[in-house]
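Asks: One structure follows; several queries about it will come next.
The values are calculated or read from the model by the stated rules, or taken from the named source; none is laboratory data. Nothing here was measured: the structure is a model prediction, and the numbers come from that model. Here the Cβ is made from the backbone with ideal geometry for all residues, glycine too, and neighbour counts use every protein chain on show.
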Amino acid sequence: MTAAIRLGFPAALASYLIWGSLPLYIRAMQHIGALELLVHRILWSVPTAILLIALAANWRDVKAAFTGSNLRWLALSSLLIAVNWSIYIWAVNAGRTMEASLGYYINPLVNVLFGMLIFSERLRRAQWAAVVIAAIGVGIMAFAFGRIPYVALALCITFALYSVIRKKVAVDSRAGFLVEVALLAPIAVGWLVWFATTQPGGRWVGEGGWDIALLAAAGPITAVPLILYALAAKRLKLSTIGMMQYIGPTLQFLIALFVFKETFTLNHAVAFGFIWLALIVFTADSLMGDAKARRLARTARPA
């Protein structure tokens with residue numbers, strides 16, 4: 001095992017475990033409103049991001065991120081990630097963690113569709129099959145819920161669009177994250193001032209006491225997994241990252257089922273079965289595609 005893998009694998013695992021456990025943190029802060037928690041998540045992410053940039057000493061990347069088209073794209077990505085965070089917080093507190101996990105299960109398939117629509121990437125037959133199977137699963141889930149699972153769809157679409165934009169912006173992930181939360185911070189400060197000074201029951205840092213520490217922890221909880229993921233992505237194969245990305249939604253699903261005791265009927269089981277089948281087809285095709293590409297590369301290599 002190379003040094004890159006020894007560092008990359010635990011970094012990826014830690015990032016997905018943190019993301020997967022996030023519902024536990026949000027539910028512990030259930031007495032904090034969704035918008036209030038979102039605002040603190042943004043504000044406490046700013047000093048966390050600055051600290052991480054300072055430790056890496058890559059202020060040059062921050063300067064590049066604040067200029068030209070990079071800044072315009074990051075302004076859009078900041079709005080998308082804020083919408084994604086707010087929907088997720090609301091979903092967990094509304095007892096819809098299972099539906100939220102569905103959104104992150106189908107996110108890789110939505111990424112493939114966006115790759116076709118935006119970057120003119122061609123889908124292989126197995127990828128089309130995975131998309132169709134997942135669509136059937138979403139349809140069954142709509143029947144199980146008695147409505148379209150719009151929370152899941154909103155989460156996966158906003159995060160897929162966010163990923164597309166971050167793919168277009170050629171800046172370090174830490175610098176990009178700092179710019180995003182810095183752009184959101186004035187709006188967050190304005191909302192917090194309005195909330196604390198004009199609304200009945202308004203407050204600055206929750207109910208005080210442990211709330212202060214827990215709200216401050218929102219910064220590291222948000223920033224650290226993003227940084228760990230970026231660290232892992234540079235050291236692991238995309239196929240390895242692709243396999244590991246299901247750890248997060250699986251952990252969310254298990255928390256919803258066994259900790260939050262959310263409803264799980266036969267219809268839900270069938271729907272998730274179709275989603276998991278789609279992911280097996282998609283992942284197997286990706287692994288076989290990577291293996292074929294490596295064989296072609298060895299064949300083309302001069303003796």
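Asks: Six or more apart or on different chains, Cβ under 8 Å: which pairs go from a residue in the stretch 90-112 that's over 16 Å from Trp19 (Cα atoms) to one that's outside any helix (DSSP H, G or I) and of a type in the set (Phe, Trp, Tyr)? Could you list them?
Replies: Gly95/Phe260
Asks: How many of the residues in the stretch 123-180 are among the acidic types (Asp, Glu) and surrounded by fewer than 20 Cβ atoms within 10 Å (Cβ to Cβ)?
Replies: 1
Asks: Against the condition modelled with pLDDT of 90 or more and either surrounded by 19 or more Cβ atoms within 10 Å (Cβ to Cβ) or in contact with a Phe, Trp or Tyr (Cβ under 6 Å, 6 or more places away or on another chain) (or both), how does Arg27 come out, does it pass?
Replies: Against the criterion (modelled with pLDDT of 90 or more and either surrounded by 19 or more Cβ atoms within 10 Å (Cβ to Cβ) or in contact with a Phe, Trp or Tyr (Cβ under 6 Å, 6 or more places away or on another chain) (or both)), Arg27 does not qualify.
Asks: Moving on to the next point. Take the residues in the stretch 96-122 that are aromatic (Phe, Trp, Tyr) and buried (at least 21 other Cβ atoms within 10 Å of the Cβ); name whichever of them is nearest to Leu161 (Cα to Cα).
Replies: For the stretch 96-122, the residue satisfying everything is Tyr104.
Asks: A further question on this structure: Look through the stretch 256-281, keep the residues that are farther than 15 Å from Gly137 by Cβ and either crowded, with 19+ Cβ neighbours inside 10 Å or of a type outside the set (Val, Ile, Thr) (or both), and return whichever of them is nearest to the chain's Cα centre (by Cα).
Replies: In this case the residue turns out to be Ala256.
Asks: Inspect all residues belonging to the stretch 183-200 and state whether any of them is of a type in the set (Val, Ile, Thr) and surrounded by 15 or more Cβ atoms within 10 Å (Cβ to Cβ).
Replies: There is no residue in the stretch 183-200 that is of a type in the set (Val, Ile, Thr) and surrounded by 15 or more Cβ atoms within 10 Å (Cβ to Cβ).
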